[in-house]
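Asker: Sharing a structure, written as structure tokens. Questions coming.
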Amino acid sequence: MSAWIEVKAWFDQAPEDWSPWIDAFDRFGCPGTLQTDQPPTLSGFFPELEGAREQAECLKRELVRIGAREATSTVVPEEDWAELWKQHFKPRRIGQRLVVRPSWEEYDAAPGDVEIVLDPGQAFGTGEHPTTRLCLELLEALELQGKSVADVGCGSGILAVAAVKLGAARVLATDLDLLAVEVAKENAGRNGVSFECFVAEGMTELAGQRWDVVLSNIISATLIRLAPGVPEHLVPGGCWIVSGIIENNWPDVLAAAERAGLKLERHLAEDGWVAATFRL
Ligand SMILES: C[S@@+](CC[C@H](N)C(=O)[O-])C[C@H]1O[C@@H](n2cnc3c(N)ncnc32)[C@H](O)[C@@H]1O
């Protein structure tokens, strides 16, 4: 039976902006976090593999360094971990029509609802995180009927599934993490949709292809690095939707996109995170 190491940051008062701590978990390899308000805590989980304990110790030190009162770690058996996620991950309405439903939950969809059924496994992307929600809102606002969409950094495949269900004719999902690609393929099956999905770094595999929409919910530094190459992957008038940007980094991402010749069309913010739609 496999197990997980739970690292938990404890706070005297719930931070107004959780993003520095969520970002720290992400940097140390825990993309999904669980938050509680009473008491204020934030947890992430490492599969108990070689090196995980050392990684957990480094993360604990970093959490305290950036302001958590203390950070603890415990070993959580697989079945308890699955139960924890199930308690936290509930059906959630996003934007006008989208509903993200965990595969183990029931939900009475309203007429016109677009349902995304998910089991995120270890991959990022449940709709619980603002960066995913903001991306979905920006995506839903575009006319996708018959369009082509590339999701670079697909995680659980949540955005790619949404793109197909919102009418896109061709969808490609890539991630540098093999596990994410496997989870995304499973989630495609769960939703009865299909899209191309494979391991790739950045936009390398998009070479020579132009898309109506490119989605990138990845950290700011990667977005800034990718920005100069984006226009060559967009059709004229195509969109680049970016997310995963901590508010302080937004001016640098905006400047990089504008230098690449992209025009800001829409900008959304939630809990210290920014997402935006740029148009070529
Ligand atoms: C924040 S998650 C987003 C997941 C999902 N698209 C969502 O919106 O919830 C970022 C994903 O991008 C992947 N990623 C990070 N850097 C990447 C890169 N340079 N190229 C491709 N994928 C990358 C990570 O493995 C992770 O699955």
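Asker: Evaluate segment 74-85: report whether one residue or more is touching a residue at least 40 places away in the same chain (Cβ under 8 Å), among the hydroxyl-bearing types (Ser, Thr, Tyr) and touching a helix residue (DSSP H, G or I) at 6+ places or on another chain (Cβ under 9 Å).
Answerer: Looking through segment 74-85, none of the residues is touching a residue at least 40 places away in the same chain (Cβ under 8 Å), among the hydroxyl-bearing types (Ser, Thr, Tyr) and touching a helix residue (DSSP H, G or I) at 6+ places or on another chain (Cβ under 9 Å).
Asker: Across segment 125-180, which residue is surrounded by the fewest Cβ atoms within 10 Å (Cβ to Cβ) among those that are more than 9 Å from the ligand (Cβ to nearest atom), among the β-branched types (Val, Ile, Thr) and in a helix (DSSP H, G or I)?
Answerer: Val164
Asker: Give me the residue from segment 215-234 that is in a strand (DSSP E or B) and within 11 Å of the ligand (Cβ to nearest atom) and, out of that set, farthest from Phe124 (Cα to Cα). Steps first, please.
Answerer: Looking only at segment 215-234, we keep the residues that are in a strand (DSSP E or B), and these are 215-217, 234.
Remaining after also requiring within 11 Å of the ligand (Cβ to nearest atom): 215-217.
Working: Leu215: 15, Ser216: 13, Asn217: 10 Å.
Looking at the filtered set, the residue picked out is Leu215.
Asker: Can you name the residue in segment 193-213 that is away from the ligand (no atom under 12 Å from the Cβ), at pLDDT 95 or above and among the aliphatic types (A, V, I, L, M) and is also surrounded by the most Cβ atoms within 10 Å (Cβ to Cβ) among such residues?
Answerer: In this case the residue turns out to be Val213.
Asker: Select from segment 147-176 the residues that are more than 19 Å from Gly127 (Cβ to Cβ) and of a type in the set (D, E, K, R) and list them in ascending order.
Answerer: Within segment 147-176, Lys147, Arg170 qualify.
Asker: Identify all residues within segment 48-91 that are open to solvent by 50 Å² or more (accessible area, probe 1.4 Å), of a type in the set (Lys, Arg) and closer than 13 Å to Glu6 by Cβ; write none if there are none.
Answerer: Arg53
Asker: For segment 1-28: of the residues being among the aromatic types (Phe, Trp, Tyr) and open to solvent by less than 50 Å² (accessible area, probe 1.4 Å), which is modelled with the highest pLDDT?
Answerer: Phe11
Asker: Next question, about the same structure. Which of the numbered conditions does Glu265 fail, given that it passes all the others? Conditions: (1) open to solvent by less than 40 Å² (accessible area, probe 1.4 Å); (2) away from the ligand (no atom under 12 Å from the Cβ); (3) not polar (S, T, N, Q).
Answerer: (1)
Asker: From (1) more than 15 Å from the ligand (Cβ to nearest atom); (2) part of a loop (DSSP other than H, G, I, E, B), pick out the condition that doesn't hold for Val99.
Answerer: (2)
The values are calculated or read from the model by the stated rules, or taken from the named source; none is laboratory data. Just so you know, these numbers come straight off a predicted model, no measurement behind them. Reconstructed Cβ throughout: ideal geometry from the backbone, glycine too, with neighbour counts over all protein chains shown. Accessible surface areas use protein heavy atoms only, side chains included; no ligands, DNA or RNA. Shrake-Rupley method; radii C 1.70, N 1.55, O 1.52, S 1.80 Å.
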